[in-house]
Amino acid sequence: MPVSDSVDRDGEDEGADARDGAGTRGERPDDGLPINELFYSLQGEGTLAGVPSVFVRTSGCNLRCWFCDSYHTSWEPTHAWLGLEEILAEIESHDADHVVLTGGEPLIHEESVALLEALDDRGYHTTVETNGTIHRDAPIDLASISPKLESSTPTPERAPADADEADAERWAERHERDRIDLETLAGLVEDYEFQLKFVVTDGDDMPEILDLLAELRDVADVPIRDDDVLLMPEGATRERLAETRTRVADLAMEHGFRYTPRLHVDLWNDAPET
Ligand SMILES: C[S@@+](CC[C@H](N)C(=O)[O-])C[C@H]1O[C@@H](n2cnc3c(N)ncnc32)[C@H](O)[C@@H]1O
Ligand SMILES: Nc1nc2[nH]cc(C(=O)O)c2c(=O)[nH]1
Ligand code: SF4
Ligand SMILES: [Mg+2]
């Protein structure tokens, strides 16, 4: 199946392009979001790992990591359109104080702002999982920023097997062009409580992380402590994590950064809605 570009063409109104996305179900409400899945689980990653949370996963992404563990929000997006009230009702049906807005890239959708405002009004703690290429003004309690390294680029050798070859080639170029935007990253760390969560495979990723941190520390008006930096092993399955996690834990100790597990993968492997 050809890779769908309909959720995220270039331009300002990237979220709007999801309106005619492949795999779409339901009418698009004015305040709606394309929802890939909405579920209750434990936060598996980062400084809040282990906290019971409702996850809202929007569809559509402006990048294409070859390893994306949410293939059906990026390479082959599917979703149902849900209105703001429907999303809130679903969230409120779970007994949780924490909501994690993720994707795909949730900040391509301007409607994510209204959702975050409504959650803030209701007293929820909100985490936004973002690739750090888009800034929006919204009540975000924790910006969980995962800047994408060169090792995430879907080169011909690394593109997912299901991806159309020509599309993958086009995405490799676009991914490489767009994956780091220093000004946007600086805006996010200045405006929000944040964590910088890098997906790491091995020591080859470290020079790029160190360079990026040095540049960001230069540009940003707020301190970025080593404590704000988390290394997360690449792996969407238990089998893959078994190959990467010890190496990444050793790198965290060597560089004085935090290590974050992927608790949900340990607990439930790659099952959907976990
Ligand atoms: C699916 S992404 C959605 C949010 C946003 N697009 C981003 O990349 O941060 C959620 C988190 O999963 C991470 N992730 C995706 N695939 C992964 C993999 N194969 N191994 C480890 N982490 C992965 C991302 O880096 C990000 O921190
Ligand atoms: N349990 C669990 N924790 C997570 N933390 C970040 C996730 C994400 O996909 O953004 C995620 C996820 O998919 N599941
Ligand atoms: S930026 Fe996030 S959602 Fe987009 S392809 Fe990469 S990991 Fe997947
Ligand atoms: Mg996930």
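Note on the chain: antiparallel DSSP beta bridges, both residues inside, total approximately 30 percent of the bridges counted. The length gained by stretching the chain between E183 and E90 to full extension, at 0.36 nm per residue less their Cα-Cα distance, is 30.0 nm. The order of I35, I140, I108, going from fewest to most other C-beta atoms within 10 Å of their C-beta, is I35, I140, I108. Karplus-derived 3J(HN,Hα) values for the range 138-149, using 6.51 cos²θ - 1.76 cosθ + 1.60 with θ = phi - 60°, are 7, x, 10, 7, 9, 8, 9, 9, 10, x, 9, 7 Hz; glycine and proline are entered as x.
Okay, helix-only estimate at 222 nm for the chain: each DSSP H run of n ≥ 4 adds -39500 (n - 2.57), divide by all residues, round to 500 deg cm²/dmol; what do you get? Let's see the in-between values first.
Details: 7 runs with 82 residues, N = 274.
Calculated from helices alone, the mean residue ellipticity at 222 nm is -9000 deg cm²/dmol.
Can you find, among L142, G132, A161, the residue farthest towards the positive end of the dipole of the range 15-268? Put +1 on the C-beta of Lys and Arg, -1 on that of Asp and Glu. Positive-end residue among those listed: A161.
Across the range 37-47, rounded Karplus estimates of 3J(HN,Hα) from the backbone phi angles (6.51 cos²θ - 1.76 cosθ + 1.60, θ = phi - 60°) give 7, 9, 8, 9, 7, 9, 4, x, 10, x, 5 Hz, Gly and Pro being marked x.
On a per residue basis, the convex hull of the C-alpha atoms belonging to the range 15-268 measures out at 123 Å³.
Defining a contact as two alpha carbons under 8 Å apart and six or more residues distant in sequence, what relative contact order in percent does the chain show? Before the final figure, lay out each step's value.
On the way: 566 pairs, mean separation 49.0, N = 274.
Worked out over the chain, it gives 18 percent.
For the chain, which DSSP H helices look membrane-span-like by this rule: Cα extent along the axis of 30 Å or more and mean Kyte-Doolittle of at least -1.0?
Result, helices passing both filters: zero.
Among A138, A172, A89, the residue with the largest mean-square fluctuation in a Gaussian network model of the chain, with springs joining Cα atoms closer than 10 Å, is A89.
Where does each of D228, D211 land when they are ranked from fewest to most other beta-carbon atoms within 10 angstrom? Before the final figure, lay out each step's value.
Numbers: D228 19, D211 10.
Fewest-to-most ranking of D228, D211: D211, D228.
Note on the chain: with charges restricted to the Cβ of Lys and Arg (+1) and Asp and Glu (-1), its dipole about the Cα centre is near 740 debye. Close amide H contacts of Y259 (hydrogens built in the peptide plane, cut-off under 5 Å, sequence separation of 5 or more or a different chain): L231. Counted by neighbouring Cβ atoms within 10 Å, the residues M206, M253, M232 run from fewest to most as M253, M206, M232.
Here, each number is a calculation from the coordinates, and none is a lab measurement. Keep in mind that this is a model prediction, so the values were computed, not measured. Neighbour counts are summed over all protein chains in view; Cβ atoms, including those assigned to glycine, are modelled from backbone coordinates with ideal geometry.
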